[in-house]
Amino acid sequence: MSTGTDVTMTWDGDGDRDPLSAPTTTDLTAAIERLDGARWSLVTVHRADGDLVVGGSAARGLIVYADLGPGRCWTALGTDRAGEDEVELVAGGQPGNYPSRVVLGLDAAVAAAAAFLTTGSLAPEIGWEEN
C-alpha cells in the first residue's frame, strides 16, 4: 500500500539521510529489516500529524517511539526479555541501554510502523506507554 508520507532512513557516521516519498509498506519493512545498529540504525516515518521512529538493530532489538504532537509522545512496549533488565542498542548513531520492556522484535516493530504509515494511528495490537 502506498501513502503520501515520507520514510527517512538515517545511517550513522556522516549523518546522511535517504528520503523516500510515498513509501509502501514493503519499502518500510525493507528499511526496518536493514537496521543493523551500526551503519543503519534509524528509520523515521514522517506524517503531517506526527512522526514514528524505529531505532536499533533488527537482529538485536528495536525501539519504537511516536510523537503525535505536543504532549502526545508514546513508546511501544515489547515483551520482557528473560534475564535481561536492559538491552544495549545503537539508535540514531547513539549507543544506549534501554529497559528490556521497550525493546521489540522485528515483527512487532514492523507492525507498529506499518500501522502508523498507513493510518497515522498507533497499532492497537502493540502496547504503548505515554511519555
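Between C73 and R60, the simple label model (points 7 Å from Cα in the Cβ direction) yields a spacing of 2.3 nm.
Taking 25 Å as R0, compute the FRET efficiency from the Cβ-Cβ separation of E86 and A38 and round it to 0.05. Efficiency at R0 = 25 Å is approximately 0.80. Under 18 Å from a label point set 7 Å out along the Cα-to-Cβ vector of S21, the amide N atoms of region 31-56 belong to 45-49.
Bear in mind that the values in this text are calculations on the coordinates, not laboratory data. Bear in mind that the values here come from a model prediction, so they are computed numbers and not experimental data. Cβ coordinates were reconstructed from backbone atoms using ideal geometry, including for glycine residues, and neighbour counts include every protein chain displayed.
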